[in-house]
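Participant: There's a structure below that I have some questions on.
The values are calculated or read from the model by the stated rules, or taken from the named source; none is laboratory data. Values in this document were obtained by computation on a predicted structure and should not be read as measured data. All Cβ positions, even for glycine, are placed from backbone atoms using ideal geometry, and neighbour counts span all protein chains on display.
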Amino acid sequence: MDGWMYLVIAGIAEVFYAASMPRTEGFTRIYPSLFCLTFIGVSMYFLSLATRTIPVGTAYAVWVGIGALGTAAYGMVYLNEDKGLLRIACFGLILAGIIGLKILAADKQL
């Protein structure tokens, strides 16, 4: 498996832990806390694997971007968070950054 696949897995795991964090109620509820901590560990593990072949700055930026986009999508769909056009456009800029970093990496410029 290549670094980019590890990075996608790490980003998805980040979405799971970020989305579950409010349910922990400050890590006072055991099962939501265990779920959250498990996915924090999974995310960190796969991020560390990704940094074997992807520069750490690029990996971190993409990881955060995947997490931000996924968590925002979760919030909009399941938590009825703002779905305004400007908010979505800003998330589109994050997506453009992720795509740009991947294209640059494919061109071996990173």
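Participant: For the condition small (Gly, Ala, Ser) and over 13 Å from the mean Cα position of the chain (by Cα), what is the one hit in 11, 57?
Facilitator: Going through 11, 57 in turn, the sole match is 57.
Participant: Now for a different question. Within region 46-56, is there a residue that is touching an Asp or Glu at 6+ places or on another chain (Cβ under 6 Å), within 18 Å of residue 70 (Cβ to Cβ) and assigned to a helix (DSSP H, G or I)?
Facilitator: No, the conditions are met nowhere in region 46-56.
Participant: A further question follows. Examine region 24-31 for a residue that is among the acidic types (Asp, Glu) and part of a helix (DSSP H, G or I), and state whether such a residue exists.
Facilitator: There is no residue in region 24-31 that is among the acidic types (Asp, Glu) and part of a helix (DSSP H, G or I).
Participant: Against the condition of a type outside the set (A, V, I, L, M), within 13 Å of the chain's Cα centre (by Cα) and either at pLDDT 95 or above or surrounded by 14 or more Cβ atoms within 10 Å (Cβ to Cβ) (or both), how does residue 74 come out, does it pass?
Facilitator: yes
Participant: Can you tell me which residue among 51, 38, 58, 24 is surrounded by 13 or more Cβ atoms within 10 Å (Cβ to Cβ), in contact with a Pro (Cβ under 7 Å, 6 or more places away or on another chain) and of a type outside the set (Phe, Trp, Tyr)?
Facilitator: Answer to the selection: 24.
Participant: Six or more apart or on different chains, Cβ under 9 Å: which pairs go from a residue in region 60-72 that's free of Cβ contacts under 8 Å to residues at least 24 places away in the same chain and within 15 Å of residue 87 (Cβ to Cβ) to one that's surrounded by fewer than 19 Cβ atoms within 10 Å (Cβ to Cβ) and of a type in the set (A, V, I, L, M)? Could you list them?
Facilitator: 72/88; 72/94
Participant: Ok, one more. Quick check on region 41-55: of everything there that is aliphatic (A, V, I, L, M) and within 11 Å of residue 3 (Cβ to Cβ), which residue is modelled with the lowest pLDDT?
Facilitator: 54
Participant: From the list 92, 100, 67, 75, which residue is within 14 Å of residue 8 (Cβ to Cβ) and either outside any helix (DSSP H, G or I) or not hydroxyl-bearing (Ser, Thr, Tyr) (or both)?
Facilitator: The match here is 67.
Participant: Confirm whether residue 21 is of a type in the set (A, V, I, L, M), farther than 15 Å from residue 70 by Cα and under 18 Å from the mean Cα position of the chain (by Cα).
Facilitator: Judged against the criteria, residue 21 is not a match.
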